[in-house]
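The structure appears right after this line, and notes come after that.
The values are calculated or read from the model by the stated rules, or taken from the named source; none is laboratory data. As the structure is a computational prediction, the values presented were derived from the model and not from experiment. We place every Cβ from the backbone using ideal geometry, glycine too, and count neighbours over all the protein chains shown. For accessibility, only protein heavy atoms count, side chains too; no ligands or nucleic acids. Shrake-Rupley method; radii C 1.70, N 1.55, O 1.52, S 1.80 Å.
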Amino acid sequence: MKDIVLKKFEEVYGDSREAKVFFAPGRVNLIGEHTDYNGGHVFPCALTIGTYGVARKRNDRMLRFFSMNFEHLGVIESSLDDLVPSDNAGWTNYPKGVMWAFEERGMKLSCGLDILLNGTIPNGSGLSSSASVEVLTGAILREFFDFDVTNQDLALIGQYSENNFNKVNCGIMDQFAIAMGKKNHAIFLDTADLSFEYAPIALEGAKIVIASSNKKRGLGDSKYNERRSECETALAELQKEINIESLGDLDESAFEQHQSAIQSDVRRKRAKHAVYENQRTIRAVEALKNGNITEFGQLMNASHVSLRDDYEVTGIELDTLVEEAWKIPGVIGSRMTGAGFGGCTVSIVKDEAIDSFIEKVGQAYQQKIGYAADFYVVEIGDGPVVLS
Ligand code: GLA
């Protein structure tokens, strides 16, 4: 891949002198969905698919961007003096947002850059192609301008840029999973204080299979922000009765005891999901540590049911993929992953069942939804790297 992106860089920008090659992964969340903005736990991992980037410094303040995923857009030009979001800027709003966020923190960019990207994450699939581009951009800036920032800083800067430049109110999970990724490990992160531990994922005789619904979703135009504010209102209602900082502070019994403080049925369901999903995530990691993969899978399934019935972020596409997956012997667990409303499911499938999983779930999906799903058997990889 390094040779491919360098060759393309030469084609687009004339030569590749002084250019460096970078990679940042995508991510998949195994369990702990819609908990990261509720002070709860998440359990994502970085993938070996992600975003490759080639970059080099310029002598002026211009920025030039080219994506091999959107070749028809050609080279998109901008300038360090124009770091403002705009509809015309398309995908370049993500790297520009990160540049803006560095400058906001006093890390000024002394010159412009030529950048080329090539993503191996299917666009809009819910495997965090945008967070991957953000962390990649942070890694590029750190390398070329010698900024003293850790990988965790890259995650926080990425999230800050997405919240404040791209106006998507996402939590920290995606950028953290990508910036802090570790081969063959998932990250058990407490979003209340960013404490975390790596948990080895040694799936003997099974693999992680991702099914992409091919129903595109953009976080911005989804109900993501609406769910977030429903949870905030529910929290404020609970806080009139109990002293908590976030929904993640409650366990199931404390929730049941105080849930009547929430004034609407819909908000009660949303809060219930946030509380129960957090507890499920804690239990799932415990089960994994005890080598109980069957329980881990059951908790994944319960997570999907809660996201379907209480949080209401699944939809017919994701429900079909998951409910068909549950029918296949050899499927240890299956659930939607990411924000929902389209995007992907994640399943843990025994090796001998993978072919029939892809065939049967694929057929049923095509029949019911009218277009095909795509399947990826994925591996857990490291965080961002400089490849040269
Ligand atoms: C998106 C957001 C994350 C997280 C998930 C839901 O991926 O970017 O911060 O909230 O949705 O778990």
Extension reserve of the residue 355-residue 207 stretch, reckoned as 0.36 nm per residue once the Cα distance is removed: 52.1 nm
Summed residue charge, Cβ within 13 Å of residue 385's Cβ, Lys/Arg positive, Asp/Glu negative: +3
Extended-chain gain in nm, criterion 0.36 nm per residue less alpha-carbon gap, residue 254 and residue 305: 16.2 nm
³J(HN,Hα), Karplus 6.51/-1.76/1.60, whole Hz, each residue of the range 170-178, x for Gly, Pro: 5, x, 9, 3, 5, 5, 5, 4, 6
In Hz, Karplus ³J(HN,Hα) per residue of the range 238-255 (6.51, -1.76, 1.60; θ = phi - 60°; x = Gly, Pro): 5, 5, 5, 10, 9, 8, 10, 8, 8, 5, x, 6, 9, 9, 4, 6, 5, 4
D_trans [Stokes-Einstein, Kirkwood Rh over alpha-carbon pairs] for the range 39-83, 10 °C, 1.306 mPa s, µm² s⁻¹: 114
Per-residue HN-Hα couplings for the range 260-273 [Karplus 6.51, -1.76, 1.60; θ = phi - 60°; Hz; x = Gly/Pro]: 5, 5, 7, 7, 9, 4, 5, 5, 5, 5, 4, 5, 4, 4
Along each principal axis, Cα extent of the range 15-68, largest first, Å: 46, 24, 17
For the range 281-388, projected area of the alpha-carbon convex hull averaged over all directions, nm²: 8.7
Dipole moment magnitude, nearest 20 debye, the range 129-257 about Cα centre, only Lys, Arg, Asp, Glu C-beta charged: 840
Contact order relative to length of the chain, as percent, for alpha carbon pairs under 8 angstrom and 6 or more apart: 24
Residues whose placed amide H lies under 5 Å from that of residue 206, excluding near-sequence neighbours: 351
Two-site FRET efficiency, residue 379 against residue 193, from Cβ-Cβ distance with R₀ of 25 Å, rounded to 0.05: 0.25
Cleavage-rule hits (chymotrypsin sites (Phe, Trp or Tyr not before Pro)) in the range 322-388: DSSP loop, at most 12 neighbouring Cβ within 10 angstrom: 371
Euclidean distance between Cα centres, the range 10-29 to the range 239-290, Å: 43
Amide hydrogen neighbours beyond the local backbone of residue 31, cut-off 5 Å, H modeled: 43
Stretch gain in nm, segment residue 367-residue 18, where the contour uses 0.36 nm per residue and the Cα spacing is subtracted: 120.5 nm
Rg/Rh (Cα only; Kirkwood hydrodynamic radius) as it applies to the range 325-371: 0.98
Charge dipole (the chain, unit charges on Cβ, about Cα centre) - positive-most of 385, 301, 164: 385
Long-range HN-HN contacts of residue 379 with modeled amide H, under 5 Å: 48, 49
Cubic angstrom per residue, convex hull over Cα atoms of the chain: 140
Size of charge dipole - the chain - debye, nearest 20, with Cβ of Lys, Arg +1 and Asp, Glu -1, no other charges: 540
Residue among 173, 145, 123 farthest towards the positive dipole end of the range 103-175, charges placed on Cβ: 123
The chain, accessible area per residue, ligands and nucleic acids excluded (1.4 Å, Å²): 40
Links that overshoot a 27 Å alpha carbon limit, given the list 8/223; 20/207; 8/207; 327/368; 8/350; 167/215: 8/223; 20/207; 8/207; 8/350
Span per principal axis, largest first, for the Cα atoms of the range 22-170 (Å): 46, 35, 27
